[in-house]
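Asks: Starting off with a structure, shown below.
The values are calculated or read from the model by the stated rules, or taken from the named source; none is laboratory data. These numbers were taken from a predicted model, which means no experiment stands behind them. For neighbour counting, all protein chains shown are included, and Cβ atoms are generated from backbone atoms with ideal geometry for every residue, glycine included. Just so you know, the surface numbers come from the protein's heavy atoms only, side chains and all, with ligands and any DNA or RNA stripped out. Shrake-Rupley method; radii C 1.70, N 1.55, O 1.52, S 1.80 Å.
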Amino acid sequence: LDHKILISTVSVKMAAQTSTPSPFKILLELYQQDHAKPLRVEGLFEIELKLQIAVLDPQQCGTKQRRSDIVRRLNCKELDENVAKRIRFKCILAEYHTHFSLVNTANSKQIALWNTEDCILSIVCFCIQNESVFADKKLRATWDFLQYLKEYFFECNIDGSTLIARYLDEQTSLGLSVVKAVCKHFGVMSGKYAHVKKHLLEWWKTIRVRYTQLQKENAPSPPTIAPAHDDTDGVHNSSHRWYWLCDDDGNIRWIPYQQEDQRVIIQAWNERTETCVIVMNKYRIDFSRECTEIPCGQQYNCQLTCPSQREVVFGQPDSKGWLNGIFCESMSK
C-alpha cells in the first residue's frame with residue numbers, strides 16, 4: 001500500500017510539472033470516477049486557461065442552452081465533431097452545476113457532512129468565481145496547486161468534519177497549514193504557491209461564517225416560562241420561581257424574587273431580551289441563553305462601579321426544599 005501511494009505521489013508531481021494546469025482536468029476527474037472509461041477530449045486541457053475559468057462559472061451552466069453555448073465558445077474540434085463525447089461533456093457540466101447548488105446553498109448541505117468531493121468543489125468554485133483577484137502570472141501556479149490539493153484531499157481523506165475539527169477555532173492558520181501540508185506531501189517547494197494561502201483563508205472565512213450561522217439556527221430554543229400568577233390570597237401559587245444566590249453571611253442559599261420582580265423577569269426571558277432590570281433599577285440580570293435546558297443568568301448591582309455577580313436560576317425545589325444542591329428559602333428578602 002505504501003508503495004502504491006509513493007508511486008501515485010510521484011506520478012502526480014511529475015504530471016503537474018509537465019502538463020498545462022487545467023480546471024477542466026480537475027472537473028473531469030471529479031465527475032467521472034464511476035465511469036469505466038474516462039472521457040478524453042483532445043485539446044480540451046490546452047484551451048486558454050482564462051477561457052476555461054470563464055466558462056466554468058457554475059452559475060453559468062445551469063441550463064441546456066448555456067451548456068451548448070459553452071461548447072461553442074470552447075471551439076474544441078473533437079467536441080464539435082464527436083456527438084457522444086459532446087453529450088457526455090454536457091452531462092458533466094450539468095452534474096457540476098447541480099453539485100455546486102447543493103454545496104453552495106447554506107441550508108442544503110451542512111458543512112460538517114461534506115465529503116472530499118464537496119470540499120474540493122467548494123474551493124475550486126471559489127477560485128473560479130474570484131479569478132479577478134489573481135494576477136495573470138499567478139494563474140498557472142494557482143491551478144497547479146489546486147491539482148495537488150485535489151489529490152492530497154483524496155489521499156488523506158480530508159472532508160468537512162476534518163476541516164472543522166482542525167481549523168474552526170484557529171481559522172487564521174488554515175491557509176498556511178494546508179499549503180505546507182500539500183507541498184510536503186508531494187515534495188514540492190511552496191514558494192510559488194505562497195499567494196494561495198490568502199485565498200484559501202478567504203474561502204475558509206466564508207465557510208466558517210456559514211457553519212457558525214447554521215449552528216445557531218439549529219440550536220434548540222430556550223424554554224418559554226409560563227407567566228407568574230397569584231391565587232385569591234395574593235400568594236404566588238407556582239412551584240417554579242426565579243431565585244438569586246445569597247451568600248452574604250456565609251450561609252449559601254437560594255432566595256426567591258418578590259412577586260412583582262418574578263413577573264418582570266419572566267416577561268423579559270420570554271421576550272428573548274438579553275437583560276432585565278428589577279427593584280427600581282437597582283439590579284440587572286444578564287440572561288445566559290446558551291443554556292437551553294434551564295433558564296439562568298447573573299445578577300449585578302447597578303449602583304456599584306465594579307459589582308460582583310450572583311447566580312440566578314429558574315426552577316422548582318424538591319420535596320425537601322433543595323434546588324441544584326442548594327437549599328431554597330421560601331420567603332423573599
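Asks: I'd like to check something: does the stretch 40-59 contain any residue that is β-branched (Val, Ile, Thr) and at pLDDT below 60? It would help to see each step written out before you state the result.
Replies: The initial filter retains those residues of the stretch 40-59 that are β-branched (Val, Ile, Thr), namely 41, 47, 53, 55.
Next, only the ones that are at pLDDT below 60 stay: none.
The answer is no; no qualifying residue exists.
Here's the yes/no breakdown for (1) closer than 19 Å to ILE207 by Cβ; (2) of a type outside the set (Ser, Thr, Tyr):
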| residue | (1), (2) |
| --- | --- |
| THR142 | yes, no |
| LEU146 | yes, yes |
| LEU149 | yes, yes |
| THR162 | yes, no |
| ALA165 | yes, yes |
| SER173 | yes, no |
| ALA181 | yes, yes |
| HIS185 | no, yes |
| MET189 | no, yes |
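Asks: Can we say THR142 is open to solvent by less than 30 Å² (accessible area, probe 1.4 Å) and among the hydroxyl-bearing types (Ser, Thr, Tyr)? Walk me through how you get there before you give the answer.
Replies: On the way: open to solvent by less than 30 Å² (accessible area, probe 1.4 Å): yes; among the hydroxyl-bearing types (Ser, Thr, Tyr): yes.
Yes; evaluated as a whole, the condition is true for this residue.
Conditions (1) out of contact with any Pro (no Cβ under 9 Å at 6 or more places or on another chain); (2) at pLDDT 90 or above; (3) of a type in the set (Lys, Arg); (4) under 18 Å from LYS333 (Cβ atoms), marked per residue:
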residue: GLN262; (1), (2), (3), (4): no, yes, no, yes
residue: GLN267; (1), (2), (3), (4): no, yes, no, no
residue: CYS276; (1), (2), (3), (4): yes, yes, no, no
residue: ASP286; (1), (2), (3), (4): yes, yes, no, no
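Asks: Could you please tell me which pairs satisfy a Cβ distance under 7 Å, a separation of 6+ or placement on different chains, a first residue in the stretch 225-250 that is over 14 Å from PRO317 (Cα atoms) and part of a loop (DSSP other than H, G, I, E, B), and a second residue that is open to solvent by 70 Å² or more (accessible area, probe 1.4 Å) and at pLDDT below 50?
Replies: ASP231/ASN237
Asks: Can you tell me which residue within the stretch 270-296, out of those that are in contact (Cβ under 8 Å) with a residue 60 or more places away in the chain and open to solvent by less than 60 Å² (accessible area, probe 1.4 Å), is nearest to GLY315 (Cα to Cα)?
Replies: PRO295
Asks: List pairs: first in the stretch 311-323 and of a type in the set (Val, Ile, Thr) and modelled with pLDDT of 90 or more, second open to solvent by 20 Å² or more (accessible area, probe 1.4 Å) and outside any loop (DSSP other than H, G, I, E, B), Cβ under 8 Å, 6+ apart or cross-chain?
Replies: Taking only residues 6 or more apart or on different chains, the pairs are VAL312/TRP244; VAL312/LEU245; VAL312/CYS296; VAL312/GLN298; VAL313/LEU245; VAL313/CYS296.
Asks: Okay, moving on. Given the criteria under 17 Å from ILE225 (Cα atoms) and over 40 Å from the mean Cα position of the chain (by Cα), does PRO295 qualify?
Replies: It is false that PRO295 is under 17 Å from ILE225 (Cα atoms) and over 40 Å from the mean Cα position of the chain (by Cα).
Asks: From GLN262, GLN267, which residue is open to solvent by 20 Å² or more (accessible area, probe 1.4 Å) and over 18 Å from GLN309 (Cα atoms)?
Replies: Values: GLN262 fails: open to solvent by 20 Å² or more (accessible area, probe 1.4 Å).
That would be GLN267, the only listed residue that is open to solvent by 20 Å² or more (accessible area, probe 1.4 Å) and over 18 Å from GLN309 (Cα atoms).
Asks: Further question: Restricted to the stretch 71-119, and to residues that are among the hydroxyl-bearing types (Ser, Thr, Tyr) and at pLDDT below 90, which residue is surrounded by the most Cβ atoms within 10 Å (Cβ to Cβ)?
Replies: SER101
Asks: Which of the residues that make up the stretch 173-193 are part of a helix (DSSP H, G or I) and either in contact (Cβ under 8 Å) with a residue 40 or more places away in the chain or of a type in the set (D, E, K, R) (or both)?
Replies: LYS180, LYS184, HIS185, PHE186, LYS192, TYR193
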